[in-house]
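Each remark here refers to the structure printed beneath this line.
Just so it is clear, none of the values below were taken in a lab; they were calculated from the coordinates. Owing to the predicted nature of the structure, the values given are computational and were not obtained by experimental measurement. In this analysis, Cβ positions are derived from the backbone assuming ideal geometry, glycine residues included, and neighbour counts consider all displayed protein chains.
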Amino acid sequence: MWLVRLMAKVSNFYRAHVFWRKVESALALHQRGEARADGLEILSAKTVLQIEWLARAIHPWDRDLPPSAIERRFAKQCLTDTDAALKRLFDEIPILDRVEIAVRRAPTRPPLIRGTVQRKHLNESRAESVGMRLRALGLGFRMSNLGLEEMESP
């Protein structure tokens, strides 16, 4: 098992290295046939993913519960899914510096969860509650009676 994790880290490092080599190559102006051998010097670069997704509906066998219980389960599932998705995004995309997300109940509805998470903050929050952990990471959401409310436009 440790070998698989090591190989994944090596693979992630290699993919990040290839990405940054491509950025450097794009800024190496001498490749355009110029006589000068210098290029543009990178001072800083950040990679940002802007992503929106639809929250999953609760499992069909829970749909006969009272409406308040359905909303509580939906809210808990939505927060837990968001927490897991963020961790996976940063794990799978090693060059990613920041993720700007919006989580919606339906495509045309305002977001339930919205905000920006930076990689450097991902491991700082040790909150037991998934909701508090997401807030500490920079995500905003409103809850009422343990259910998620849609957010107003910024």
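General observations
- Distant-in-sequence amide contacts of residue 140, defined by a placed amide H-H separation under 5 Å and a gap of 5 or more residues or a different chain, comprise 114, 115.
- Fluctuation leader among 59, 17, 121 - the chain, Gaussian network, Cα springs under 10 angstrom: 59
- Structure-based [θ]222 nm, the chain - -39500 (n - 2.57) summed over DSSP H runs of at least 4, per residue, nearest 500: -13500 deg cm²/dmol
- Given R0 = 35 Å, the distance between the Cβ atoms of residue 97 and residue 63 translates into a calculated FRET efficiency of 0.30.
- Within the listed set 73, 142, 21, the residue fluctuating most in the Gaussian network model of the chain (springs between alpha-carbon atoms under 10 angstrom) is 21.
- The chain: most fluctuating residue of 26, 106, 16 per GNM, C-alpha cutoff 10 Å: 26
- Distant-in-sequence amide contacts of residue 105, defined by a placed amide H-H separation under 5 Å and a gap of 5 or more residues or a different chain, comprise 55, 112.
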